[in-house]
């Protein structure tokens, strides 16, 4: 079936990719809840990060096989881009899980949402994709909206300074991850890219967890369930949808999905922990949605 678009309007494929970004943002936004639950079950941050990717491998393998069987093409070989994607995501999870545990969720979320700034700064230099003016304007509005949404709950304290730095490290690695996935998707399907890069991520995090932590089994079924859900929902689901979308959308626009994580995270905080959503939070969320609308693909 050939999908066509009216002149001046995005094609159905682009619209599906945008919908995948939104769904992926929601799936990734709930990961801090799973990290906290796993931490309460005596699973260290690096071990939980390892399980997040390791337990997702069976689902990703099935996806990659189905993808190849439908296309009728031979399996693509390993590329250096896949390895780079895996290492960058290992760095992202390394700093993200530390940030969630070492500072407030609000601070960690606010700092992690700065990833699109790195994407906009390096997109033209590293992957040859110029950032359009609407995207820059949308990014500026998203940054302002994110600051309003999360800023009212965030705060600076000297004892959380290291955790805040981990949040900045998260944004840097996640920004570069967007660029690397975008390049890898130019020559390989989404399932193959995510499955093979996840093998690299799992191997790297296994080494880190093995050296720094000694508790590999969660205390109770609740902790085990959190690890499985984090792998299946946040990684296989969230990162999988992101990898698909990056085959059809620019890295700069796709990176704005990180701001949707802040919106979805605020909603999860309200639903699960009873955290209040006041006028400022609603205003910030509306600003993020407006920024994404401004930056949306035109054709």
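Out of the residues in region 59-86 meeting the condition of being loosely packed, with under 13 Cβ neighbours inside 10 Å and assigned to a helix (DSSP H, G or I), tell me which one is modelled with the lowest pLDDT. Taking the candidates together, the pick is 71. Looking across 258, 294, one residue alone is part of a helix (DSSP H, G or I), within 30 Å of residue 189 (Cα to Cα) and either in contact with a strand residue (DSSP E or B) (Cβ under 7 Å, 6 or more places away or on another chain) or at pLDDT below 85 (or both). It is 258. Going by the conditions given, is residue 125 surrounded by fewer than 20 Cβ atoms within 10 Å (Cβ to Cβ) and out of contact with any helix residue (DSSP H, G or I) (no Cβ under 6 Å at 6 or more places or on another chain)? So residue 125 passes the test.
When the test is whether a residue is under 21 Å from residue 261 (Cα atoms) and surrounded by 22 or more Cβ atoms within 10 Å (Cβ to Cβ), residue 112 passes it.
Given the structure, is residue 121 modelled with pLDDT of 85 or more and either more than 23 Å from residue 283 (Cα to Cα) or outside any helix (DSSP H, G or I) (or both)? Spelling it out, residue 121 is indeed modelled with pLDDT of 85 or more and either more than 23 Å from residue 283 (Cα to Cα) or outside any helix (DSSP H, G or I) (or both). Evaluation of residue 140 against the conditions (1) surrounded by fewer than 24 Cβ atoms within 10 Å (Cβ to Cβ); (2) touching a residue at least 12 places away in the same chain (Cβ under 8 Å); (3) under 25 Å from residue 37 (Cα atoms) shows that the sole unmet condition is (3).
Remark: residue 10 falls outside the filter, which requires a residue to be crowded, with 24+ Cβ neighbours inside 10 Å and at pLDDT below 90. Of the residues in region 199-215, at least one is in contact (Cβ under 8 Å) with a residue 60 or more places away in the chain and outside any helix (DSSP H, G or I). As a summary of the residue check, residue 72 satisfies the conditions (1) touching a helix residue (DSSP H, G or I) at 6+ places or on another chain (Cβ under 8 Å); (2) over 16 Å from residue 186 (Cα atoms) except for the one numbered (1).
The values are calculated or read from the model by the stated rules, or taken from the named source; none is laboratory data. Because the structure is predicted, anything quoted here is derived from the model rather than measured. Ideal geometry is used to build each Cβ from the backbone, glycine not excepted, and the neighbour counts take in all protein chains shown.
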